[in-house]
1. Based on the Cβ-Cβ distance from C:Ala79 to C:Arg3, what FRET efficiency comes out when R0 is 25 Å, to the nearest 0.05?
2. How large is the helix-only mean residue ellipticity at 222 nm for the protein assembly as shown, computed as the sum of -39500 (n - 2.57) over DSSP H runs with n ≥ 4, divided by its residue count, in deg cm²/dmol to the nearest 500?
3. For peptide B:262-269, what's the mean number of Cβ atoms from other chains within 10 Å of each residue's Cβ?
4. Give the average, rounded to an integer, of partner chain Cβ atoms located within 10 angstrom of each Cβ in B:328-335.
5. Can you compute the radius of gyration and Dmax for region B:340-395, using only the Cα atoms, both in Å?
6. For chain B, take the longest principal axis of its alpha carbons; what is the angle in degrees between that and the long axis of helix B:4-16, to the nearest 10 within 0 to 90?
7. Here is the link list: A:Lys55/A:Lys95; A:Lys55/A:Lys96; A:Lys55/A:Lys122. Which ones come out longer than 18 Å on Cα distance?
8. Using modelled amide H (1.01 Å from N, peptide plane; none on Pro or chain starts), what sits under 5 Å from the amide H of A:Phe60, excluding residues fewer than 5 places away?
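What follows is calculated from the coordinates using simple rules that are stated; it is not laboratory data. Bear in mind the structure is a predicted one, so any value in this text is a computation, not a measurement. Here the Cβ is made from the backbone with ideal geometry for all residues, glycine too, and neighbour counts use every protein chain on show.
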Amino acid sequence: MNHTPLWASESFWKKVAIWVTAGSFVLLIVLTFDSMSKVQAGSRRVPAYSVINQKIDYRFDAQLNRYMPVIGGDEPLFDRPLSEAEAEALVTLGKKTTQAKNCINCHTILGNGAYYAPDLTKSWLDPNWIDAGNRENLMLAFLKNPPGNARTYGTGRRMPHLGITDEEARGVIAFLKWMSAIDTNGFPHNFKTLYAQEE
Amino acid sequence: MLNIAALSGKIQEAFGALDRHHLNGGQRLAVKYFAVAMILFLAQLLFGLLAAIQFVWPGFLFDLVDFSVNRMVHINAMVVWMLYGFIGSVYWFLEEESGTEIVGLKWGEIAFYVLTGAVVIVVLVYLLIQTGPGNDATRWLVNEGREYIEAPRWADIGIVTVMLVFFYNVAGTFAKGRWSGISGVLTLDLVALAGLYMAGMFYSTNVTVDQYWWWWVIHLWVEATWEVLVGCIMAWSLMKLIGARRRIVQTWLYIEVALMFGSGILGLGHHYFWIGTPDYWFTIGGFFSALEPVPLVAMVVHSIYDAGVHRFRSTNHPALGWIIAHTFGNFLGAGVWGFMHTLPQINLYTHGTQWSASHGHLSFFGAYATINIAFFYLAAQRWRGNVWMGGDLKDNGWKWKWSMILLNLGVMGMTVALLIAGYEQSFIERAVEGSTWGGYFAAQNQPWFVQAMLWRLVFGVVTLAGALLLTWDLLTIGAGETRLALVLEPEEELAAEPTVAVAK
Amino acid sequence: MIRPVELHDFLLSFFASASIIVSGACYALLFAWARLAGRRAVLAWAYAAYALLAASVWLLAETAHFEGYWRVLTGAMLAGYFVAPRAVFRLCSATHAAEHDEQTRSAISRPSQENPP
């Protein structure tokens, strides 16, 4: 009556708990090393920052059965080609600005964040900008004066004044353009880019 | 000008009023943590309410305290009050569990005031300064701008320092007194808790790398280390509350650790579907998502086993009631709501919609808020001098019963409203419109969505009413009660086990 | 790698996932109850819950277009959710076998020494 079988004993489960935890963690570390090597800027999944010099699109890939970024010919941001170092500096300024302005507590970035405002993952490619040629200027004007250029689509939700400078706004646009070229395994699905609408 | 010294004296005096001679040193410190936790809980609901109002009337407080600020304070207050609850609970049982006095109680006191002061400053900066220029100084001093861990870097370092003091007190006190299964698991879990926080303390321009490590903090805290921390607190509580036996409680704590960490650590994979990471995470995330309900199944079987074999006997009905709410809330919030949208085939559409908000509201409430509230009641009982809190309370216990009803109804109502909004959003915005901005706003304007947001606000008010009643009850329950609670001891017939220690 | 759920299958897919967890819990609950009370009728209901679980898993596999690896996962879910409650029940009985052993009595839960004067 008093003997607990080994497989139900405290000491057995203590060992199981330790081995399971250690095993899972080691596996996670191995996977993390692998993932990190595959998502460095300049990898197949996450392009180099200088991708902002090129045309980016997002199309359905029948072979993979999902949407994929498509990197095309030259289309430099603000008509000024940047070196890799310049591009990285500009994207860095943009990324730091998105953090400093707390963008993620209204918007989502790669689908993570708050749901009060639209997802920014592919915002560079959004058909809302209508004309690819004028897109940078529209974005620049909007970021520098969001309430003045608000398009609320009838919701009444406006982006507040965040004091974004001209340089910061250019950085944010570079960051958004670079982000739209990341291979996100087909998220968002069924997204028709501004180029697709033009056709 | 405010005299800072006089102010800090006044604050100390106010907290001093909470001291009771029935309490040991650790418990006196714990009561301070609980007091601040309750204040932050109310702050969480208040700012949640402001954000909910803005969903209905976007002009409300526009350009003054915007949605981003309210939502950030809402969630930060939640994270911090839960941590305060956990830290307080550990300080509460530290001396009894170790059989000795806390090694650095004075340091623990200082750490409490430092942490609380830092929290106040961070919140004031959030509210008054809000944002800064896009440079490193903003991230160090104002706002890091990463969801849930927005606290500026100086505060991160402060938090880690305070956690080290806490860790020193826990490990040192057990080392001086005695170790047990619970204390061993607890100590190792705290190492993981502090270590994982540091995974979120660096900057990366590469947004994929940024979010990869960000999830380490968020997921591995919430779905691994917090769960185990709660498991330790529950294990100890169940010995106190229903006289469960140590050997059995500890065996099940280990089983829980094995199940939790076994399914939870690699369950991290379900956050790596769409952030730029390789697609083998589909396989891993899918598998471990299917595994995550297993601990819940174990909980169901164990609860039935205990209910069938033993009769429950409790001298603290509110605490037991909240533990039962924990079981149900956790099962629905983490289990049902989690699994409904976790597989990549459907998550492609639900990712980044109100689905996540629905799941988040119920699972945080079910898994963590309930258990903290249960512990507050255990503490209130001892604070009053270990008085009776079982059946037939003076006023029939209407306050705890009604606060429990209102809180559960409020959270459940918000969850269902957000579920409807999320369903509609994943349908219209994601699937039909392909997640363009036009699609986003089309979904936001849909009558189902608009009405869901209104209902969410209504149930948010219900939740706040419940929390106010809860606060009132915690402050008054047991006052003037003269009957003493029996001290439970495991006995042949009545011993009961950690029905819910495997609840996650 | 994956084929997303079709628009017209959304509701079915959510329903199937929720039903898997709920019927899985019902199966576990009824199974434990049947074992404790020794009632065959309850056991029959437990297996009915499991049948519902299996149907839900099938529905999810259909609506979410499970193929290849995902088929294996379907099998693992069917087997795992069938076995888990039984294993946990055995574990409960076995861990509680020591319940009457005086040696295991906790030293910590003795009457508190700090009753107020």
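1. On the way: r = 24 Å, r/R0 = 0.95.
Working from the Cβ atoms, E equals 0.55.
2. On the way: 28 runs with 499 residues, N = 820.
Using -39500 (n - 2.57) per qualifying helix, the result is -20500 deg cm²/dmol.
3. Numbers: counts 7, 2, 2, 8, 6, 1, 4, 2.
Averaged over the peptide's residues, the number is 4.
4. On the way: counts 0, 0, 0, 3, 4, 0, 1, 6.
The mean count of partner-chain Cβ atoms within 10 Å per residue comes to 2.
5. That works out to 19.2, 55 Å for Rg and Dmax.
6. 60 degrees
7. On the way: A:Lys55/A:Lys95 20 Å; A:Lys55/A:Lys96 24 Å; A:Lys55/A:Lys122 13 Å.
Those over the limit are A:Lys55/A:Lys95; A:Lys55/A:Lys96.
8. A:Met68
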